[in-house]
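The values are calculated or read from the model by the stated rules, or taken from the named source; none is laboratory data. Here the structure is a predicted model, which means the values were calculated and not measured. Positions of Cβ are generated from backbone atoms using ideal geometry, with glycine treated the same way; all protein chains shown enter the neighbour counts.
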Amino acid sequence: MQKEKRFDAKNGIQIMIRPANPDDSCAILNTVRSNALERSYVLMEQYGKDIAAEREYISGLDSKRNLLIVAAAASDLVGCLAALQADAGMRSETQHIVHIGLHLSEPFRGLGIGPKLLEYSIEWADAMGFKKIQANIFTTNRRSLSLFSKAGFVEEGVRQNRIRMGSHYVNEVLMGKMLQTQAGPGESRAFNQSLHRGAA
């Protein structure tokens, strides 16, 4: 099991980061569907579903190749992050890559929660043997562009007019970060083992 991680946000509220479970389905959908112009492309693709489909998706997620975590303030889910193996691990030439999508509810932005979610996912990806993390971010989401840049991601390209939202077209920035891991994807259990010890 991946462990829970607790910390105090900049406003003093205690935040818990933990693996998502099927009971989070409704809250995840509500979080992802909010603030459409700033949504993560990865999260849009995976979680634009109904609650029943979302519950099934979370229940069947392979935790050795994929990560889905949430940030909670008391009983309220305020953010989520998905780290999914490229091409569902079906192509050998992209098995070393994990795609990340992150979203926070508007009232909880700028409180240091995003960096903690991203830090958690980077540590997980490195420990699980992935070599590269990629993120596709809308140009309207300047806060996320800054967040990923500060975490060491570099811009790899821009897809012009990638997404249509109403009468407007939004560009998508491709960002990437190389990792130093030596193990192959899914081979390392060090992350889960160290977190389990920390939770004891």
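Couple of notes before you dig in:
- Residues (touching a Ser or Thr at 6+ places or on another chain (Cβ under 7 Å) and part of a loop (DSSP other than H, G, I, E, B)) located in segment 89-119: S105
- Subset of segment 148-171 (residues that are among the charged types (D, E, K, R) and surrounded by fewer than 16 Cβ atoms within 10 Å (Cβ to Cβ)): K150, E155, E156, R159, R164
- Taken together, the residues in segment 122-147 that are buried (at least 19 other Cβ atoms within 10 Å of the Cβ), part of a helix (DSSP H, G or I) and out of contact with any Gly (no Cβ under 9 Å at 6 or more places or on another chain) amount to 4.
- Close Cβ contacts (under 8 Å, 6 or more residues apart or on different chains) running from residues in segment 80-108 that are farther than 19 Å from I17 by Cβ to residues that are among the basic types (K, R) comprise Q85/R65; G89/R65; H96/K131; H96/K132; I97/K131; I97/K132.
- If you filter segment 157-200 down to residues that are at pLDDT 80 or above and of a type in the set (V, I, T), you find that the one that is farthest from E93 (Cα to Cα) is V170.
- Some residue of segment 47-60 being touching a residue at least 40 places away in the same chain (Cβ under 8 Å), crowded, with 22+ Cβ neighbours inside 10 Å and under 17 Å from the mean Cα position of the chain (by Cα): no
- Restricting segment 77-105 to residues that are more than 9 Å from the chain's Cα centre (by Cα) and among the aliphatic types (A, V, I, L, M) leaves a set whose member that is nearest to Y57 (Cα to Cα) is A88.
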